[in-house]
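The values are calculated or read from the model by the stated rules, or taken from the named source; none is laboratory data. Everything numeric in this text was worked out from a predicted model, so none of it was measured. With ideal geometry, Cβ positions are generated from the backbone for all residues, glycine too; neighbour counts draw on all protein chains shown.
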Amino acid sequence: MPRFIIQHVTKYTYEEPVTDSANHILLFPVKDELQELVSQQLNISGNPNVDVYKDYYGNRAGSFMNIAPHQELRIESKVEVVTRQRPFPEDSAAPDIQWQALQALRCDGAFIDFLKQEHFAALDEVKAVADSGFYQVVSVYLAAQQLTEYVYTNFKYIQGVTSVETTLEEIWKLKAGVCQDFAHMLLVMLRILNIPARYVSGYVCPRDAGMRGEGATHAWVEAYIPFYGWLGFDPTNNCVVTDLHVRLAIGRNFTDCSPVRGTYKGTARQTLEVGVSVAYEDGRVTQEMNTVLKPQPVVATPEEPGLNSYQRHMEMMMMQQQQ
């Protein structure tokens, strides 16, 4: 059972003091039979009280306020996690029985959110690939693997070609992006086939170098396999998720899973730096610190000149734009 010590640092720096910072964090690793949270230390500038609760999708979430003027907000989470490998599906049921079983889930409230399709102009082109009939000839498990391989093979992993504003339409046309882009395209394809699919945020902690996403936040997809349950697929690395993946949160898409997001009042421009380090049992450490948001010009609104509330860019997306 692999054991990892993961440190995740988020640092906002403002050119001038800001106030009324309200924040939402999803930095609490999943706790279940496959993942044990041994310990966690959470340190936040000003030592605010953090209200921890379960969100709509069952994630442990936290919220806190920083009302006083400040020019820096640092959020540091250090966790020790033990993971266990989930057995792969036996995949013994006939494919037609598996696909029939999926049809019954379309009206099941537990799966409705993970079957909703986001519409965009190129959706018919994606359907031509995913709904060609070939994938439904094999089992649901094999179809999910093949679609994972399709995204991995047909989309180039290029940092910086997409941003927080990049749409599914643009990702499909570009055929390029980073891990959240790969995850979103796989979500679309799985849902076209009526396979419930959900977005997962977390970390990938390979024992050997070579996997994309190491040293940063990562994203992948979980698909529901009939007669088995949820199973993770990582299209960025073309693999079924193993005990080298550490889960933070699940949701419909990246919006539900952003590790840090919030608002603040002030006219100051901001810089965001994010760093993730992973310590392994053999003593090896991987770490990386990236400036993922540089100061941008801000414009006061006519209603409140000189005092605006700015929505922070979501760290999850920005971090992955670097990785």
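Listed conditions (1) surrounded by fewer than 22 Cβ atoms within 10 Å (Cβ to Cβ); (2) part of a strand (DSSP E or B); (3) modelled with pLDDT of 55 or more are all met by THR267, apart from (2).
Screening region 1-115 for strands (runs of 3 or more DSSP E) wholly inside it with 1 or more residues that are closer than 30 Å to LYS265 by Cβ and in contact with a helix residue (DSSP H, G or I) (Cβ under 8 Å, 6 or more places away or on another chain) returns the ranges 3-25. Among the residues making up region 163-195, a single one is crowded, with 23+ Cβ neighbours inside 10 Å, in a loop (DSSP other than H, G, I, E, B) and within 17 Å of the chain's Cα centre (by Cα): VAL178. Within region 73-91, the set of residues being under 25 Å from ILE5 (Cβ atoms) and of a type outside the set (S, T, N, Q) comprises LEU73, ARG74, ILE75, GLU76, LYS78, VAL79, GLU80, VAL81, VAL82, ARG84, ARG86.
Filter region 226-241 down to residues that are assigned to a loop (DSSP other than H, G, I, E, B), under 23 Å from ASN154 (Cα atoms) and not aliphatic (A, V, I, L, M), then give me how many there are.
The total comes to 4.
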